[in-house]
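As structure tokens, the structure follows; a few thoughts come after it.
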Amino acid sequence: MSEINKLTDKKLKNIHGKEISKLVMIADGRGLSILVSKKGSISWLYSYRFGGKLSRIIIG
């Protein structure tokens, strides 16, 4: 089983608002991730499989 990379409040505050060169996805583990835009905005992403098909829900 893969190790969980906890996305703490401190990590999120450090990332938020900083401009970067490309869209980045940072995984927390077990399907939970964040998407960081070029302008530094953060959206939550949940990935799961249903009937063998990968699906994603973006929140925020």
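The values are calculated or read from the model by the stated rules, or taken from the named source; none is laboratory data. Because the structure is a prediction, the values reported are computed rather than measured. When we count neighbours, we look across all protein chains shown, and the Cβ atoms used for this are built from the backbone with ideal geometry, even at glycine.
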Task: Pairs, first at negative phi in the stretch 4-18, second among the polar types (S, T, N, Q) and part of a loop (DSSP other than H, G, I, E, B), C-beta under 8 Å, six or more apart - done: His16/Ser41
Task: Hits in the stretch 1-41 (condition: touching an Asp or Glu at 6+ places or on another chain (Cβ under 9 Å), assigned to a loop (DSSP other than H, G, I, E, B) and of a type in the set (A, V, I, L, M)) - done: Ile4, Leu7
TODO: List every residue pair whose Cβ atoms sit under 9 Å apart, with the two residues 6 or more apart in sequence or on different chains, where the first one lies in the stretch 41-60 and is closer than 14 Å to Arg30 by Cβ and the second, anywhere, is modelled with pLDDT under 95 and exposed (fewer than 10 other Cβ atoms within 10 Å of the Cβ).
DONE: Trp44/Ile59; Trp44/Gly60; Leu45/Ile59; Tyr46/Ile59
TODO: Tell me which residues, restricted to the stretch 19-38, are in contact (Cβ under 8 Å) with a residue 24 or more places away in the chain and exposed (fewer than 13 other Cβ atoms within 10 Å of the Cβ).
DONE: Arg30
